[in-house]
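What follows is a short report on a single structure.
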There are 2 protein chains.
Amino acid sequence: MSLAPDPIVIQEVALCDGLQIEPAWVPTEEKVRLADALSGFGFSRIELSSFVSPLAVPALRDAEEVFARVRRASGCIYVALVPNLRGAQRALAAGADELNLVMSSSDTHNRANMGMDAGTSFRAFAEIVPRALDSGVGLNGTVSTAFGCPFEGPQDEDRVLALVERYRALGVRGVTLADTTGMANPRQVEALVERVLSLVPAEDLTLHFHNTRGMGLANLLAAYEAGARRFDAALGGLGGCPFAPGASGNICTEDVVNMCHDMGLTTGLDLPGLIGLSRILPALLGHDTPGQVAKAGRACDLHPSPGTQALRRQRKA
Amino acid sequence: MSLAPDPIVIQEVALCDGLQIEPAWVPTEEKVRLADALSGFGFSRIELSSFVSPLAVPALRDAEEVFARVRRASGCIYVALVPNLRGAQRALAAGADELNLVMSSSDTHNRANMGMDAGTSFRAFAEIVPRALDSGVGLNGTVSTAFGCPFEGPQDEDRVLALVERYRALGVRGVTLADTTGMANPRQVEALVERVLSLVPAEDLTLHFHNTRGMGLANLLAAYEAGARRFDAALGGLGGCPFAPGASGNICTEDVVNMCHDMGLTTGLDLPGLIGLSRILPALLGHDTPGQVAKAGRACDLHPSPGTQALRRQRKA
């Protein structure tokens, strides 16, 4: 296991991929408060909202307002998720620092999710890229279902690599491989990350894992071992998959940060702050969240020994 | 990442470490039914109960009866957890195939859990070993809190290694390193497993992880990469830690098996059978369980594409 001291970069996606499936409306001011707290805890990248159809994803219908009201912390890139040209126009008008273009390796998933096939997605991206570059706005391209599609099953590695190259050829510098419904396993992650890192430098590659089948942090570890250094994660482990009711969502930010810090890796993030913020989520959303460290505390948060407790009871008595 | 095809051996501990903290009484016949279903799904090792004080752990007060009533599947070793001489006498009388001796690397934890220090534990073990060997009963020795104690914090690796050697010198062949309250991280696991495997062959070493801080499968992966092949796990992820209310318990058997199978590793276990069995646990215990695969299904369990669904609706209409 190589343990180079390269810092880990975590992009916080709770406000976008996390909130999009929440049934309860989270008021705009609460979203802005969360985003401002998150930037205060040291994030260099926050995926702030998604410029999709408000009918398709009503939970994020306030994307423009969230971008307008958030405090733009210096050193933090505020990313907008964008599925098509209309979304890109809205995101550019709203002042996003970076557009995250999204399409699926699986045509079946792309049609179900975006209403188009891969070719149609890339024709839209070809129109978006020059507009973003003209505006000085960064670009990232996500390959969803890169590790498996809930309809098609395993995805061909060569096809995923071809999509990565297609993004790069268009001028999209950052690339995200997304395990959209949590189907990846560590062996597969290692193999695909190694191949993609032969095309794309580590600073341009992000891994997006879900913990749907409990393997989220194991997949992150495998990706790290294969050379990846940038990961998406959501506070509290928000998010989820419509095909896995009750299962976990995105890998949980504070659980990832806790593992990294325990392993001696740096993230630049304030873990106690994140844990405190995560603990307000159940009240905000009306349900428990999957994150573990917000419940268990850090391993370094010790408990008084039973002897001490007995002594305390004695002192009180 | 080395991916040798050695099979993974999973010891099922739901009936012992899993049930011990359950507030609801699980009737003996339900325990026996679970154990018999588990052996039918291919386990070669089941930790069936714990011969501790019935006052300390009332949930397992029927240990003798469970051993008497379980169907002894051929090829399956039925293990009894044993903290002291009295427990060993009961376990031998009950017909256990193997005694799992338990003590903690942390004296503070050993005193809190067992009411004695390490030296007292080993004096008892020295009396137990010849009796077990005379009866042809196997022996395993667990070092609890080997990766951290909730009272003392980090544990000295040299001390853990010395306890492993002390077990082996007594004639205890199998050794388990237990992350009793889920404090381990992958880097630490890799380091300790590598050192212990210089003393003990892989077939005699078991790793016992909890998912308290979400790192359970990442720790298993790190241990596997370091050469470990034997792991404890509990159906549904039962178990838990009194210091982490709401957090996960033992690593979840079906989640472990699912990860292993997806990685191409063999376990000899019937995963669909395990998933089905795990799904009865919430009704039996009166609460949700932490396992993910029982909720999400396997990655290979595909969903009909939305097109097919639309077609089906059309056909019905």
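Would you check if there is a residue in region A:22-31 being in contact (Cβ under 8 Å) with a residue 12 or more places away in the chain, in contact with a strand residue (DSSP E or B) (Cβ under 9 Å, 6 or more places away or on another chain), within 28 Å of A:Arg86 (Cβ to Cβ) and crowded, with 17+ Cβ neighbours inside 10 Å?
Yes, the conditions are met somewhere in region A:22-31.
Taking the conditions exactly as written (farther than 25 Å from A:Gln188 by Cα, within 12 Å of chain A (Cβ to nearest Cβ) and acidic (Asp, Glu)), does B:Asp255 satisfy them or not?
no
Of all the residues that make up region B:275-307, how many are farther than 21 Å from A:Ala184 by Cβ and of a type in the set (A, V, I, L, M)?
6
Out of region B:190-221, which residues are out of contact with any strand residue (DSSP E or B) (no Cβ under 8 Å at 6 or more places or on another chain), more than 7 Å from every other protein chain (Cβ to nearest Cβ) and of a type outside the set (S, T, N, Q)? Spell out how you get there, then give the answer.
Filtering region B:190-221 down to residues out of contact with any strand residue (DSSP E or B) (no Cβ under 8 Å at 6 or more places or on another chain) leaves B:190-191, B:194-195, B:198-199, B:201, B:212-213, B:215, B:217-218, B:221.
Next, only the ones that are more than 7 Å from every other protein chain (Cβ to nearest Cβ) stay: B:191, B:194-195, B:198-199, B:201.
If the condition is that a residue be out of contact with any strand residue (DSSP E or B) (no Cβ under 8 Å at 6 or more places or on another chain), more than 7 Å from every other protein chain (Cβ to nearest Cβ) and of a type outside the set (S, T, N, Q), then B:Ala191, B:Glu194, B:Arg195, B:Leu199, B:Pro201 are the ones that fit.
Mind counting the residues in region A:160-189 that are surrounded by fewer than 24 Cβ atoms within 10 Å (Cβ to Cβ) and within 14 Å of chain B (Cβ to nearest Cβ)?
Of the residues in region A:160-189, 2 are surrounded by fewer than 24 Cβ atoms within 10 Å (Cβ to Cβ) and within 14 Å of chain B (Cβ to nearest Cβ).
Is it the case that region B:117-125 has a residue that's within 14 Å of chain A (Cβ to nearest Cβ), without any contact (Cβ under 8 Å) to a residue 24 or more places away in the chain and over 22 Å from the mean Cα position of the chain (by Cα)?
Filtering region B:117-125 down to residues within 14 Å of chain A (Cβ to nearest Cβ) leaves B:117.
Cutting the leftovers down to without any contact (Cβ under 8 Å) to a residue 24 or more places away in the chain gives us B:117.
Subset that is over 22 Å from the mean Cα position of the chain (by Cα): B:117.
Yes, some residue in region B:117-125 is within 14 Å of chain A (Cβ to nearest Cβ), without any contact (Cβ under 8 Å) to a residue 24 or more places away in the chain and over 22 Å from the mean Cα position of the chain (by Cα).
Do the conditions hold for B:Gly276, that is, is it without any contact (Cβ under 8 Å) to a residue 24 or more places away in the chain and within 7 Å of chain A (Cβ to nearest Cβ)?
Details: without any contact (Cβ under 8 Å) to a residue 24 or more places away in the chain: yes; within 7 Å of chain A (Cβ to nearest Cβ): no.
Taking the combined requirement at face value, the residue does not satisfy it.
Pick out the one residue from B:Ala112, B:Ala146 that is among the aliphatic types (A, V, I, L, M) and within 28 Å of B:Lys31 (Cα to Cα).
Values: B:Ala146 fails: within 28 Å of B:Lys31 (Cα to Cα).
Just one listed residue meets the conditions, B:Ala112.
State which residue is surrounded by the most Cβ atoms within 10 Å (Cβ to Cβ) when the search covers only region B:133-159 and only residues that are away from chain A (no Cβ under 14 Å) and either of a type in the set (Lys, Arg) or over 18 Å from B:Thr176 (Cα atoms) (or both).
Across region B:133-159, the extreme among qualifying residues is B:Arg159.
Condition first: among the acidic types (Asp, Glu) and either over 18 Å from the mean Cα position of the chain (by Cα) or within 14 Å of chain B (Cβ to nearest Cβ) (or both). Now tell me which residues in region A:60-114 satisfy that.
Result: A:Asp62, A:Glu64, A:Glu65, A:Asp107.
Residue-by-condition table, conditions (1) in a helix (DSSP H, G or I); (2) aliphatic (A, V, I, L, M); (3) in contact with a Phe, Trp or Tyr (Cβ under 7 Å, 6 or more places away or on another chain):
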residue	(1), (2), (3)
A:Leu38	yes, yes, no
A:Ala88	yes, yes, no
A:Asn100	no, no, no
A:Thr120	yes, no, no
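Confirm whether A:Pro130 is within 22 Å of B:Lys295 (Cα to Cα) and either surrounded by fewer than 24 Cβ atoms within 10 Å (Cβ to Cβ) or at pLDDT 95 or above (or both). Reasoning before the result, please.
Values: within 22 Å of B:Lys295 (Cα to Cα): no; either surrounded by fewer than 24 Cβ atoms within 10 Å (Cβ to Cβ) or at pLDDT 95 or above (or both): yes.
No.
Would you confirm whether any residue within region B:2-24 is away from chain A (no Cβ under 14 Å), hydroxyl-bearing (Ser, Thr, Tyr) and assigned to a loop (DSSP other than H, G, I, E, B)?
Start the filter on region B:2-24 by keeping residues that are away from chain A (no Cβ under 14 Å), which leaves B:6-7, B:9-24.
Now restrict to residues that are hydroxyl-bearing (Ser, Thr, Tyr): none.
No, because not a single residue in region B:2-24 is away from chain A (no Cβ under 14 Å), hydroxyl-bearing (Ser, Thr, Tyr) and assigned to a loop (DSSP other than H, G, I, E, B).
Could you tell me whether region A:257-279 includes any residue that is closer than 20 Å to B:Thr289 by Cα, at pLDDT 95 or above and crowded, with 24+ Cβ neighbours inside 10 Å?
No, region A:257-279 contains no residue that is closer than 20 Å to B:Thr289 by Cα, at pLDDT 95 or above and crowded, with 24+ Cβ neighbours inside 10 Å.
Is it the case, given these coordinates, that A:Glu254 is of a type in the set (Asp, Glu) and crowded, with 24+ Cβ neighbours inside 10 Å? Reasoning before the result, please.
Working: of a type in the set (Asp, Glu): yes; crowded, with 24+ Cβ neighbours inside 10 Å: yes.
Judged against the criteria, A:Glu254 is a match.
Which of the helices (runs of 4 or more DSSP H) contained wholly in region A:239-309 include at least 3 residues that are of a type in the set (Lys, Arg) and under 19 Å from the mean Cα position of the chain (by Cα)?
Hits in region A:239-309: none.
Taking the condition of being crowded, with 19+ Cβ neighbours inside 10 Å and among the charged types (D, E, K, R), how many residues in region B:36-89 meet it?
Here the count works out to 3.
Would you point out the residue of region A:45-57, among those that are of a type outside the set (A, V, I, L, M, F, W, C) and modelled with pLDDT of 95 or more, that is farthest from A:Leu99 (Cα to Cα)?
Our first condition is that a residue be of a type outside the set (A, V, I, L, M, F, W, C); within region A:45-57, this holds for A:45, A:47, A:49-50, A:53-54.
Checking the rest, the ones that are also modelled with pLDDT of 95 or more come to A:45, A:47, A:49-50.
Values: A:Arg45: 12, A:Glu47: 9, A:Ser49: 10, A:Ser50: 10 Å.
Once the filter is applied, the top-ranked residue is A:Arg45.
State all residues of region B:220-238 that are under 14 Å from the mean Cα position of the chain (by Cα), within 23 Å of B:Met103 (Cα to Cα) and part of a helix (DSSP H, G or I); if no residue qualifies, say none.
B:Leu220, B:Gly237
Being assigned to a loop (DSSP other than H, G, I, E, B) and more than 19 Å from B:Ala96 (Cβ to Cβ) is the filter here, so list the residues in region B:122-157 that pass it.
B:Thr145, B:Ala146, B:Phe147, B:Gly148, B:Pro150, B:Phe151, B:Glu152, B:Pro154, B:Gln155, B:Asp156
Quickly run through region B:228-242 and pick out the residues that are surrounded by fewer than 24 Cβ atoms within 10 Å (Cβ to Cβ) and within 12 Å of chain A (Cβ to nearest Cβ).
Matches in region B:228-242: B:Cys241, B:Pro242.
The values are calculated or read from the model by the stated rules, or taken from the named source; none is laboratory data. Bear in mind the structure is a predicted one, so any value in this text is a computation, not a measurement. So basically every Cβ, Gly included, is an ideal-geometry build from the backbone, and we count neighbours across all protein chains shown.
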